[in-house]
C-alpha cells in the first residue's frame, strides 16, 4: 500500500517535471524573447530587463533557475501586469474558478449517479429511454454551445437570470449548468452500464433470495459496487471542468483563473501562460494520483502493484 | 461412376457391392453438408449494423453533412470568404437593396438562406466551409491516432516483457498530461516558428492556409492522443499473440514485422474501426472548443467553433448566427457518436460498456 502510494507520487512528480520542461522549452522557442512585443525599448533597458529576469544567461542555466524557483512554488512575475506575481494572480483567480468547478462537480456526480442508476433499474422502460436520450444528446453538445444558448434564452430573451459576473447565488446557475451538462450526461451513461452489470451479479440474486428490502439491496449492495467506474472518471472530470471553465468564464465574464489564462494567451504574457499551465497541470496530475489511490482503497479486489 | 447396375447374381454372396465404393457425386456431397453457408466477419457485422435503425439514421445524417460540407460548396453561388458589398447583416432570407434592384431587373438572385454576417459574407456558405474544416480535422486527427496508437500498442503487446513495461509506463505518463493545456501552449509557441517556416521555405505556404492552430492540434493529437488507442490495441494483441497461427507463422520463419502486420493487426481490425470512428467526434469536439477560444483555424477560414464565437457579440439581434453552427456541430458529434456505438455493437460486441 505505502509502496504503491510512493510509486504513484513519484510518477506524478515525473510527469509534472516533464510538463514543466516542455513548457519551458516551448516558451524559449518564441523568437526574440518575451520583450520583443514591447514598443521602443532602448538597448540598455532591454539589457537591464533581460538581466533582471535572467534572460541573458545560457538556456540551461535559465532552465535550472526556473526549475529551482518552481520547486519553491514561485511561478515568476507577470510581464504585462507590472510587478504582479503569477502566484498572486492565481491566488485571486483560482478560488473563483474552484467554487464554480466544485459546485459543477458535485452536481454532475449527484445527478449523473442518480439518473444513471434510475435508468438501469428501470431498464427498457420509458424512464430509461428518456434519460438515455437526454444523456446521449448531452454528450454531443459542447459546453460553449450550452453556455451561449443559456445566455441567449434565459439571460437575454427571458431576462430571468443575470448574465455577467458572480455577485449573487443566482449568477452561479447558468455557468454551473453549462459546465456540468456534459459530465452529468457522461456519468449517467457510465453509471447505467455498470449498474446493469452489477444488477446481473449472483450476489444480487442472493440478496433478493434472502429477502432484503429493495432499499438495502439497491444502496448497500448495488450502488456501492456500481459507483467504482465513476471513481476512475473523477480525474478526467476535473480536467474537463478546468478546461471547460476557460470557455464558460469567458462567456459569462467571470474573473476566474480560466478567463485569466485565455486573456494571458491573447496578451502573450509568457510567464503568466507558463505559470498557469504548470499550476493547472499540477492540479490535474495530482487529482489523477489521488483518484488512483482512492480507487485502490475503495475496491479491495484490486491488488497493489 | 458409369456402371450403376447392381451385381445381383448371388444374394447371399460375400462379394462386395462395387457400386458402394463409387466416389460420391456433387449432389450427394451437397446433401451431406449440414452447415449454413459461412458468413464472413464483414457480412455478419454489416447485417447487425443494418438492423440498428439508430446507427443507420446517423449514417444517413453523416452522409448528408458530408455532402453539405464537401460537394455542395462547389455548386453554391456564394464563396465562404466572398464579401458582398451592401449585403451586410442581412436577416434570414432577406435581400439587400442592390439585390432587390437586380431582381426587379429580372435577374435571378440566390437567397441568403441564413442571412449574411457583418462583412457581407453568406452565413450558409461559411457554415458549409466550417463543417468541412471540422470534419477534416476529425478525420485527419483520427487517422493520425489510428496509425500511431495501433503500431505502438501492437509493438508493446507483441514483444511483451521489459519492452512492454517501459512502453506502457510511457503511455501511463502521457495519459495524465493535461492535453488541452498542451494544445493551447503549442498553438501559442508554434505560431512564430511556423509562420517563419511558411514565409521562408518555398512549398511550405500551405501552413498559412491550414493555420498554425490546426497544425498544433494535429501535432498534439499525434503526440498525446494515441495513448488510448495504444492501450486498447495492446490488450487485444496480448491475447492474440498466444494463438496457434502466430506460433505457426513464427515456425515458418515470418519476421516480427510481418507477424504484426499480417496476423495480429489484421485481427484487431474491428476494434480499430470502432475506436477510430469514436475518436472522430471527440477530435471535432476539441477543435471546436479551441476555435471558439480563438486558437484554432486562422482568420478568413471559418470553423464551426469560431463561427459560434463570432456570433456571440450579436446574439441579441442575430441569434441564428449562433444557433446554426451550434446545431450543426452538435448534430455532427451526435451522429458520429451514435454511428460509432452502432459499429461497436455490430463489429466488436466485446467492447460494449
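Since every read-out is calculated from the coordinates, none of them should be taken as a lab result. Keep in mind it's a predicted model, so treat the numbers as computed, not measured. So basically every Cβ, Gly included, is an ideal-geometry build from the backbone, and we count neighbours across all protein chains shown.
Counting other beta carbons within 10 Å of each residue's own, what order do B:66, A:27 fall into, fewest first? Mind dumping the intermediate values first?
On the way: B:66 16, A:27 19.
Ascending number of Cβ neighbours within 10 Å: B:66, A:27.
Between 0 and 90 degrees, rounded to the nearest ten: what's the tilt of helix A:228-251 against the longest Cα principal axis of chain A? Taking Cα atoms only, the helix is inclined about 50 degrees.
Relative to the longest principal axis of the Cα atoms of chain A, the long axis of helix A:169-199 makes an angle of roughly 50 degrees.
For the pair residue A:231 and residue A:91, label points projected 7 Å from Cα toward Cβ lie 3.6 nm apart. Relative protection proxy for A:280-291, B:307-318, from highest mean packing down: A:280-291, B:307-318 (other beta-carbon atoms within 10 angstrom). Protection proxy ranking of A:255-263, A:89-97, A:165-173, B:52-60, by the mean of other Cβ atoms within 10 Å over each peptide's residues and highest first, is A:255-263, A:89-97, B:52-60, A:165-173. Taken along the Cα-to-beta-carbon direction at a fixed 7 Å, the label points for residue A:122 and residue A:62 span 6.1 nm.
Return the whole-Å distance between the Cα centroid of segment A:193-250 and the Cα centroid of segment B:214-285. For segment A:193-250 versus segment B:214-285, the Cα centre distance is 30 Å. Inter-chain neighbour count for B:162-173: the average number of beta-carbon atoms from partner chains within 10 Å of each residue's beta-carbon is 1. Applying D = kT/(6 pi eta Rh) to chain A, where Rh is the Kirkwood radius over alpha-carbon pairs, T corresponds to 4 °C and eta to 1.567 mPa s, the Stokes-Einstein value obtained is 58 µm²/s. Seen against the Cα atoms of chain A and their longest principal axis, helix A:43-52 is set at about 50 degrees.
Treating r as the C-beta distance of residue B:242 and residue A:206 and R0 as 35 Å, the FRET efficiency rounds to 0.50.
Spacing of the modelled spin labels on residue A:71 and residue A:106, each 7 Å from Cα toward Cβ, amounts to 3.9 nm. Counting Cβ atoms of other protein chains within 10 Å of each residue's Cβ and taking the mean over peptide B:274-285 gives 1.
Equivalent-ellipsoid semi-axes for the protein assembly as shown (Cα gyration tensor, √(5λ), whole Å, largest first): 51, 35, 30. Summary value for segment A:132-237: 28 percent relative contact order, contacts being C-alpha pairs under 8 angstrom separated by 6+ residues. Peptide A:144-154 shows a mean partner chain C-beta count of 5 within 10 Å per residue C-beta.
With a Förster radius of 41 Å applied to the C-beta separation of residue B:74 and residue B:316, the computed FRET efficiency comes to 0.70.
Can you work out the PRE-style zone for residue A:21? Point 7 Å along Cα to Cβ, and I want the residues of segment B:220-237 with backbone N under 18 Å. The answer is B:223-224. Take the Cβ atoms of residue B:54 and residue A:214, set R0 to 30 Å, and the FRET efficiency comes out at 0.40. If I take all pairs of Cα atoms in segment A:97-268, what percentage of them are more than 30 Å from each other? More than 30 Å apart: 28 percent of the Cα pairs in segment A:97-268.
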